[in-house]
Amino acid sequence: MSVGWLRACALVMLGLFSVSALAKDKTAIVIGGGVAGLTAAYELQNKGWQVTLLEAKPSLGGRSGMATSEWIGNDKTQPVLNKYVSTFKLSTTPAPEFVRTPGYLINGEYFSAADLATKQPATAEALKRYEKTLDDLARSIDDPQNPASSNTLHALDQINVSNWLDRLNLPATARELVNQQIRTRYDEPSRLSLLYFAQQSRVYLGVSDRDLRASRLVGGSPVLAQAFVKQLKTIKTNSPVSTITQDKDGVTVKAGSADYKADYVVLAVPLRALNKIQMTPALDAQHLAAIKGTNYGWRDQIMLKFKTPVWESKARMSGEIYSNTGLGMLWIEPALKGGANVVINLSGDNARVMQAFGDKQMVDQVLIRLHEFYPQARGSFTGYEIRRYSTDPSMGGAYLAFGPGQISKFWRLWERPVQRVAFAGEHTDTLYPGTLEGALRTGQRAASQVEDLAAGKSFEPTKAVPVVAAAAAGAVAAKKGNFFSNLFGGSDDEKKVEPVKAPEPVVPPAPAPTPAPVVAPAPVEAPKPAVPVKAEPAKKAPAKAPVKKPAAKTEAKKATAKAPAKKAEPVKKPATTPTTETKAQ
Ligand SMILES: Cc1cc2nc3c(=O)[nH]c(=O)nc-3n(C[C@H](O)[C@H](O)[C@H](O)COP(=O)(O)OP(=O)(O)OC[C@H]3O[C@@H](n4cnc5c(N)ncnc54)[C@H](O)[C@@H]3O)c2cc1C
């Protein structure tokens, strides 16, 4: 064999080797070990990437790990979640019929939707009217991926949900129940963009509560996180990321005293947590404004434990139960964790007003109210568990809930990577924010974007929604005449039809009411909870729930997927370029 031939062979071999070495050496860092980050890491690893997952806390699973035992949707409503459930062969248990439709607690008395129709017809009628008006509003959105497609729809983003509800003139009890439902599923109506509410209602239009609360993961949602964790090779817990530095060669991430280097990063932390990470180069003004300004719903969960049920012992009450008094949504879990338990979801401003309270004070406030309905409550009380998502700095709220003006400014902003960083997390999903399904979807999307980036694809910066182009659609809607009359509760007043105007600059968001000032927890006028329960007929409720949010959020058990001690070699390569903080806190 000639020397030239040998050389040629060697060169070919070298070439092959370096190609495969390159392929093997594709590296990514995933920041955040909630289900979005876990999904991104899993998908990238499956595609041959070397992935290091960095999680600030000692445990994985993020918000899903805390809200265990949620009811989950079937594969029609939550296909991505169900795909992983079957990939990991996780066991589920079907939801009993009585948890699949919501119930109501009016001044301490429990009503199924069917009961309400016979025993409180005025309230039932008003709820129906509200649902119909909301459905009509939702139908006015053709494409939930582009909700502000006309001037008229765009205008909805400047209105808050409370103003819209005022126009419906609901009787007091119905309004209180509607308020509770909205604040539990999203946030306080006064803090919520009407367009966002309409868009989410559009997403769940025609979706049955039964499909959304179809089963439960045996062991609760932590088993999903654990299943991902088992698959991942390199996880570093207790690793809060403080800086991300991008340059032409890659990305350097600092977590504690260690530096990690990779080709790409998936950033899967909530916006409040992102606010604490310095990025170099800094994010642009729009991203910074979104980090600072995007509204998150507030929702805290308390599980009160009793020796025996303090409510009607034959009651089979469970599912989402909306009270007309301060406390919001309740969930009775007689069978869970022994004894008899009530999970109370404090949401919206009912949660904000409790911000300054210690855990025990908060529980006391709830017990005081419970005792009003059930005098045995104090005697039977054995303890509590509490999860305060709203005040946890790594979360800063329960989930995304766009406030007035925010869709106009931040719609789909986080769907696009910024240089070598792709974003994931429930807040980056267009259709299913605030859900496991949404978080999982974004993990998949971010993983495939990293692949695209590696393949040389570039992502255009986000463009503002072209309201101008959609003006014609708005004109058509206006000509039909009843758009706003449907919107505001069936009036035929044509004067309310908004003329389609030339595009205007986006109106700055109406300032959301600032969170309730921190008050000393002394003599508290805390929201008046209702808890209690009177007999419950386990009947099917024919009325359709108005807004569909996936699986009711339930349990307050701390759920942590244990991270196996896995290797991840820190790379010693300190950031050299000057850093810029994403936003001053
Ligand atoms: C009370 C409540 C009830 C819910 N109920 C349901 C339900 O019934 N059904 C449903 O589908 N969904 C429900 N959800 C929503 C669902 O839990 C979330 O949408 C989902 O868990 C969000 O996942 P994520 O990965 O986007 O974010 P997270 O779970 O918040 O993950 C982000 C992770 O990033 C970590 N992190 C933050 N900062 C850093 C840093 N600097 N460095 C490294 N790591 C960092 C955090 O510790 C966290 O682990 C509920 C949520 C709440 C709060």
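Using a ≥ b ≥ c from the Cα gyration tensor of region 46-167 (square roots of the eigenvalues), is it rounded, prolate or oblate, where a/c under 1.5 gives rounded and otherwise the larger of a/b and b/c decides, a/b for prolate? Because a/c hits 1.5 or more and a/b fails to exceed b/c, region 46-167 counts as oblate. Mind scanning 254/292; 233/292; 248/276; 83/230; 47/248 and naming the pairs with a C-alpha gap bigger than 26 Å? Long pairs (Cα-Cα over 26 Å): 233/292.
Using θ = phi - 60° in the Karplus curve 6.51 cos²θ - 1.76 cosθ + 1.60, the 3J(HN,Hα) couplings for region 37-43 round to x, 4, 5, 4, 4, 4, 5 Hz; x is entered for Gly and Pro.
Under the rule a/c < 1.5 gives rounded, and otherwise a/b versus b/c splits prolate from oblate, where does region 92-133 land using the Cα gyration tensor? Working shown, then result.
Values: a/c = 2.80, a/b = 1.61, b/c = 1.75.
Oblate shape, in that a/c is at least 1.5 and b/c is the bigger or equal ratio.
Remark on residue 392: its backbone amide H falls under 5 Å from those of 397, a criterion applied only to residues 5 or more positions apart or on other chains, H modelled at 1.01 Å from N.
Among 330, 283, sorting on how many other beta-carbon atoms sit within 10 Å of each Cβ, with the fewest leading, yields 283, 330.
In this structure the amide hydrogen of residue 215, modeled in the peptide plane, comes within under 5 Å of the amide hydrogens of 72, 95, none closer than 5 places in sequence on its chain.
Could you compute the net charge surrounding residue 193? Neighbours are other residues with a C-beta less than 13 Å from the C-beta of residue 193; K and R count +1, D and E count -1. Please list the in-between numbers first.
Working: positive: 191, 409; negative: 157, 187, 188.
Residues close to residue 193 contribute a combined charge of -1.
Rounded, prolate or oblate: which fits region 194-277, taking a ≥ b ≥ c as square roots of the Cα gyration tensor eigenvalues, rounded meaning a/c under 1.5, else prolate when a/b beats b/c? Judged from the Cα gyration tensor, region 194-277 comes out oblate (a/c at least 1.5, b/c at or above a/b). Database remark: amide H of residue 60 closer than 5 angstrom to the amide H of 561, 563 (H placed geometrically; neighbours at sequence offset of 5 or more, or on other chains; Pro and chain starts carry no H).
Couplings for region 295-311, taken from phi via the Karplus curve 6.51 cos²θ - 1.76 cosθ + 1.60 with θ = phi - 60°, read 6, 10, x, 10, 7, 10, 10, 10, 9, 9, 10, 10, 4, 9, x, 8, 9 Hz in order; Gly and Pro are left as x. Per-residue Cβ neighbour counts within 10 Å put 371, 287, 427 in the sequence 371, 287, 427, beginning with the fewest. The 3J(HN,Hα) values that the Karplus relation (6.51, -1.76, 1.60; θ = phi - 60°) gives for region 246-256 are, in residue order, 9, 9, 5, 8, x, 10, 10, 10, 9, 10, x Hz. Gly and Pro appear as x. Cβ crowding within 10 Å ranks 448, 221 as 448, 221, fewest other Cβ atoms first.
For region 169-248 versus region 79-135, the inter-centroid distance based on Cα atoms is 17 Å.
Values quoted throughout were computed directly from the atomic coordinates according to the rules given, and no laboratory measurement underlies them. Not measured: the values here are computed from a predicted model. So basically every Cβ, Gly included, is an ideal-geometry build from the backbone, and we count neighbours across all protein chains shown.
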